[in-house]
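Student: Got a structure for you, questions after.
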Amino acid sequence: MVPFPFGLKPEETLRQLIELNRKVATGIESLSRIRHEDIRVGTAPKQEIHREDNIVLYRYSPMVEQPFQVPILIVYALVNRPYMVDLQEDRSLVRNLLKLGMDVYLIDWGYPGRGDRWLTLDDYINGYVNNCVDVVRQRHGIDKINLLGICQGGTFSLCYSALYPEKVKNLITMVTPVDFHVEEGLLNRWAGCGPGNENMDVDLLVDAFGNIPGEFMNFGFLVLKPFQLGIRKYIELIDILDNRQKLLNFLRMEEWIFDSPDQAGETYRQFMKDFYQGNKLIKGQVKIGNKPVDLRNVRMPVLNVYAEQDHLVPPASSTALERYIGSKDYTARSFPVGHIGMYVSGKVQQDLPPTIVTWIKERGLL
């Protein structure tokens with residue numbers, strides 16, 4: 001008699017096959033009833049405050065009668081859409097900050113078109129970010145605002161804070177790369193960084209593509225963990241097919257993952273060559289336009305939040321920040337999740353917003 005695989009008995013195998021068939025059948029029925037409107041993302045009410053080219057500055061509607069006097073501006077990465085910070089009502093960094101009294105603004109970078117291929121880091125940081133900061137300052141009649149930079153947006157915020165320290169009261173960096181040559185960085189390896197690695201020909205990519213396609217960027221992220229991100233999650237999808245709420249959560253994540261804007265060619269060129277390949281940020285060799293970025297000018301209080309299991313921005317890349325900034329008020333907080341878990345983990349969303357707000361309150365609200 002041939003034994004059943006993994007020691008399963010015939011009746012147990014039959015039971016599992018029936019259950020699998022039920023889940024798939026229920027899942028197909030659930031999927032057929034889901035409309036695109038059901039997969040709603042970025043639902044927190046907001047108003048457009050400022051528009052420049054493809055860039056839009058939003059202010060979220062306050063959720064308390066008197067928000068803190070000093071608002072916070074969120075600077076997200078260029079790579080994905082910023083609604084990840086407001087993915088759904090029960091997993092929304094924005095909503096949780098609003099509930100705790102913060103006055104929240106966010107820069108939406110939009111979708112670069114063919115005519116934007118010549119936009120540089122100078123345009124983004126000395127231009128768009130600086131203009132948005134000035135709009136917020138003027139609206140509130142204050143000299144300094146709080147800045148929250150996420151991932152690549154955190155690197156942008158670091159550069160901005162070094163260039164314009166007189167405009168930033170408190171700086172929060174979240175899953176932010178600082179040292180781009182740490183050994184364990186998978187993205188660093190993919191970009192060809194570090195001793196003994198052959199560099200990716202960034203010039204050839206930009207010259208060939210113009211703007212770097214979002215699909216190319218997505219493929220690069222997926223191949224870093226091909227089984228986990230390309231196969232396993234779809235196998236595990238079977239287990240939630242008969243749960244409408246979990247299925248909607250999954251589809252929201254898929255919506256965000258594959259909603260990838262193209263990258264402005266010249267910005268991509270400088271960021272990859274100067275930051276990833278040259279590691280110039282910590283060497284004090286980055287120039288934004290004609291302005292040198294000296295991290296020692298970052299003297300305002302800094303809260304550095306990082307993910308302990310981050311495969312895109314490893315902890316060592318983020319925690320390096322303490323060694324290079326001029327601030328004597330530096331705080332690091334970590335969470336036992338990966339890069340995406342910082343946005344979607346229910347536990348993190350319980351703990352992270354209060355951590356940010358308490359830290360800001362301890363440094364004075366005026």
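Student: Select from the range 66-110 the residues that are β-branched (Val, Ile, Thr) and modelled with pLDDT under 90 and list them in ascending order.
Tutor: VAL79, VAL85 - these are the residues of the range 66-110 that are β-branched (Val, Ile, Thr) and modelled with pLDDT under 90.
Student: Tell me whether the range 76-83 contains one or more residues that are in contact (Cβ under 8 Å) with a residue 12 or more places away in the chain and over 18 Å from the mean Cα position of the chain (by Cα).
Tutor: For the range 76-83, residues in contact (Cβ under 8 Å) with a residue 12 or more places away in the chain and over 18 Å from the mean Cα position of the chain (by Cα): absent.
Student: Listed residues SER334, SER327; which is hydroxyl-bearing (Ser, Thr, Tyr) and surrounded by fewer than 16 Cβ atoms within 10 Å (Cβ to Cβ)?
Tutor: Answer to the check: SER334.
Student: Being within 26 Å of MET200 (Cβ to Cβ) and in contact with a Ser or Thr (Cβ under 9 Å, 6 or more places away or on another chain) is the filter here; which residues of the range 296-325 pass it?
Tutor: Within the range 296-325, TYR306, ALA307, ASP310, VAL313, PRO315, SER317, SER318, THR319, LEU321 meet the criteria.
Student: Right, something else. Identify, from the list HIS311, HIS339, the residue that is touching a Cys at 6+ places or on another chain (Cβ under 8 Å) and either touching a residue at least 12 places away in the same chain (Cβ under 8 Å) or of a type in the set (D, E, K, R) (or both).
Tutor: Matching residue, one of HIS311, HIS339: HIS339.
Student: Restricting to the range 107-137, what's the tally of residues that are among the β-branched types (Val, Ile, Thr) and either under 13 Å from THR267 (Cα atoms) or assigned to a loop (DSSP other than H, G, I, E, B) (or both)?
Tutor: The number of residues fulfilling the criteria is 2.
Student: Still on this structure, please answer the following. Looking only at the range 123-131, decide whether some residue is farther than 26 Å from ILE142 by Cα and hydrophobic (A, V, I, L, M, F, W, C).
Tutor: Checked the range 123-131: no residue is farther than 26 Å from ILE142 by Cα and hydrophobic (A, V, I, L, M, F, W, C).
Student: I'd like to verify a number: residues in the range 303-341 that are under 22 Å from TYR276 (Cα atoms), more than 14 Å from the chain's Cα centre (by Cα) and charged (D, E, K, R), how many?
Tutor: Counting residues in the range 303-341 that are under 22 Å from TYR276 (Cα atoms), more than 14 Å from the chain's Cα centre (by Cα) and charged (D, E, K, R) gives 3.
Student: Can you find even one residue in the range 353-362 that is in a loop (DSSP other than H, G, I, E, B) and of a type outside the set (A, V, I, L, M)?
Tutor: No, the range 353-362 has no match at all.
The values are calculated or read from the model by the stated rules, or taken from the named source; none is laboratory data. Everything quoted here is computed from the prediction, not taken from an experiment. All Cβ positions, glycine included, derive from the backbone under ideal geometry; neighbour counts span all protein chains shown.
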